[in-house]
Amino acid sequence: MRPRLLPGVRISYDDVRDRTVVLYPEGVLMPNSTACAVLVRCDGRTSVAQIVDDLRAIYADVDSADVLGLLRRLAADQLLTLEPSDG
């Protein structure tokens, strides 16, 4: 699977809140740093496995099931889509 943010969803830095936020038509999401690291990789080209590998280079004890769970919750909230991988 290759996650991709849906149209209208964007990641931005909020100077007032002094943190990274996810803006979408219905509101604002304030993800933690790990979730931000996942979200910035949701470009429709990077696979879930690649995202997990990238995170393991940054954070200790990254669980692929946790990453997939986050992505599925964000997909259920209509913030991203989980596109099938090629071949």
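Worth pointing out:
- Scan of region 11-25 for residues that are surrounded by 11 or more Cβ atoms within 10 Å (Cβ to Cβ) and not hydrophobic (A, V, I, L, M, F, W, C), ordered by number: Asp14, Arg19, Thr20, Tyr24
- Among the residues making up region 1-53, those that are closer than 16 Å to Leu70 by Cβ, in contact with a Phe, Trp or Tyr (Cβ under 8 Å, 6 or more places away or on another chain) and not aliphatic (A, V, I, L, M) are Thr20, Thr34.
- Check on Val62, surrounded by 11 or more Cβ atoms within 10 Å (Cβ to Cβ), modelled with pLDDT of 95 or more and not charged (D, E, K, R): no
- Checked against (1) in a strand (DSSP E or B); (2) free of Cβ contacts under 8 Å to residues at least 12 places away in the same chain, Arg4 passes all but condition (2).
The values are calculated or read from the model by the stated rules, or taken from the named source; none is laboratory data. Predicted model only: the values in this text are computed from it and were never measured. Neighbour counts run over all protein chains shown; Cβ positions are idealised from the backbone, glycine included.
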